[in-house]
Amino acid sequence: MFEKSIKAYEEACEVIPGGVDSPVRAFKSVGGTPPFIEKGKGAYLYDVDGNKYVDFVQSWGPLIFGHCDKDIEDAVIETTKKGLSFGAPTLLETQLANEIVEMFDNIGKVRFVSSGTEAVMSAIRLARGVTGKNDIVKFEGCYHGHSDSLLVQAGSGMATFGSPSSPGVPADLTKHTLLCEYNNIENLKKCFEDSSDIACIIIEPIAGNMGLVPASDEFLATCRELCDKNGALLIFDEVMSGFRASLKGASGILKTQADILTFGKVIGAGMPVGAFAASKEIMSNLSPEGKIYQAGTLSGNPVAMAAGLVSLKKLKANPKIYDELNQKALKLVNGLKKIANENNISLQVNTRGSMFGFFFCEESPTNFKEVGKCDFKRFATFHHEMIKKGFYFACSQYEAGFMCTEITNEDIEACLEAASIVMKNL
Ligand SMILES: *Cc1c(COP(=O)(O)O)cnc(C)c1O
């Protein structure tokens, strides 16, 4: 049933480290080998062995309209015919920037890059440049891309100073990254007592990289207050939650507002786009208007901009979309929870707009340490069995799930039916 994928994986491993271009794709945390994808259409993925799956990953978030959306596809093809890249300004960049600026009261200008990693890395440089300070505060379990100063884990000795979480990252580059526990107000306050050199707090206001774990309102209000009191900037990393949790992302459903926002994933609708944005005043510090350097040969790529522009216009034209996607997400996770409970399995579930998450554990996790207590073996078995039945979930309990407009109630009902068989043997 997976013969061609297994062979493809072996061949890929010969020439690509681990056979993949981004580690999570390798299925390491659930075991087995990943299906190699031949094509997608709407809600479905088709692998090289001819298996069909309902896709609850949607390229890890970008595809809110599912695969091969006709409008996005048409825009990409039409733009492609005019040339792939010019390294010169195009109207499309201003159009997409306008669409974004119009949406947010706290945003006056935006700069486009080619990935979420780049967006966050640049936002942090901007925060440091504007404040003239060096330290950044990051939370355990939040992922902000793979740039050096953000690949940190809790240090063994000191409470707050992070150590590199990957070989190849010098400790000198992470010593300015202060690591705090998510949703832990006391811990965060201590960080600001320990350092008077904090340029910014960077946070996923709705964390989607340790499963789906939202920050509490009180915690985010404290982030805001501490930044204001100490001359630091608050960065909401909305690379995942942007245009996903709501039209305005987490910012659209939370009281607390950030100084700088970062975007990725949905903003490119499947093409490589990232962006960071802030008030005109903050953004004017960016080169060539200001002195803080940031650049990119393919930044604002016309084909990618065209995809993002159509996608964003479609989302704006249909604001009910997020309620509909949330209804579907709730139907899925509440259904899973009910089935789990019938089988004496504890399952904790969360949704935010089109994002969802579920954890095999007794209580709903609020931070990375608590997520770590989940039953990962049980998740792995669940994942494996669901794949075999044609349901493609994210291959790690540390990842969120994504609903798209093309997934139907019937797809979800079929998924729950499959889950009721799988859960019997967990
Ligand atoms: C995916 C993600 C990133 C990194 O984006 P890439 O496009 O993979 O570089 C950064 N922050 C968050 C919150 C993300 O989910």
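Tabulated results
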| item | result |
| --- | --- |
| Per residue accessible area in Å² of the chain, where ligands, DNA and RNA are left out and the probe is 1.4 Å | 43 Å² |
| Rounded to whole Å, sorted largest first: equivalent-ellipsoid semi-axes of region 1-158, Cα gyration tensor | 33, 27, 15 |
| Fraction of accessible area attributable to carbon and sulfur, the chain (%, probe 1.4 Å) | 52 percent |
| Highest average packing first - 115-126, 407-418, 375-386, Cβ atoms within 10 Å | 115-126, 375-386, 407-418 |
| Helix-only mean residue ellipticity at 222 nm for the chain, each DSSP H run of n ≥ 4 adding -39500 (n - 2.57), per residue, nearest 500 | -11500 deg cm²/dmol |
| DSSP beta bridges in the chain [antiparallel fraction, %, rounded to 5] | 60 percent |
| All Cα pairs of the chain, percent lying beyond 36 Å | 25 percent |
| In region 33-122, trypsin sites (Lys or Arg not before Pro) in a DSSP loop with at most 13 other beta-carbon atoms within 10 Å | 81, 82 |
| Relative contact order for region 150-266, counting Cα pairs under 8 Å that sit 6 or more residues apart, in percent | 18 percent |
| Percentage relative contact order, region 250-343, counting C-alpha pairs under 8 Å, at least six apart | 22 percent |
| Alpha-carbon centroids, region 381-415 and region 337-362: separation in whole Å | 13 Å |
| Protein-only accessible surface order, largest first, of 297, 405 at 1.4 Å | 297, 405 |
| Per the chain, cysteines lacking a partner by the 4.7 Å Cβ criterion | 13, 68, 142, 180, 191, 200, 223, 227, 395, 404, 415 |
| Prolate/oblate/rounded call for region 351-426, Cα gyration tensor, a/c under 1.5 rounded | oblate |
| Of 316/369; 190/328; 28/70; 41/265; 280/316, those spanning more than 30 Å from alpha-carbon to alpha-carbon | 316/369; 190/328; 28/70 |
| Percent RCO, i.e. relative contact order, over the chain, from Cα pairs under 8 Å lying at least 6 residues apart | 22 percent |
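The values are calculated or read from the model by the stated rules, or taken from the named source; none is laboratory data. Everything quoted here is computed from the prediction, not taken from an experiment. Using ideal geometry, Cβ is built from the backbone for each residue, glycine included, and neighbour counts are taken over all protein chains shown. These accessible areas exclude ligands, DNA and RNA; they are computed on the full protein's heavy atoms, side chains included. Shrake-Rupley method; radii C 1.70, N 1.55, O 1.52, S 1.80 Å.
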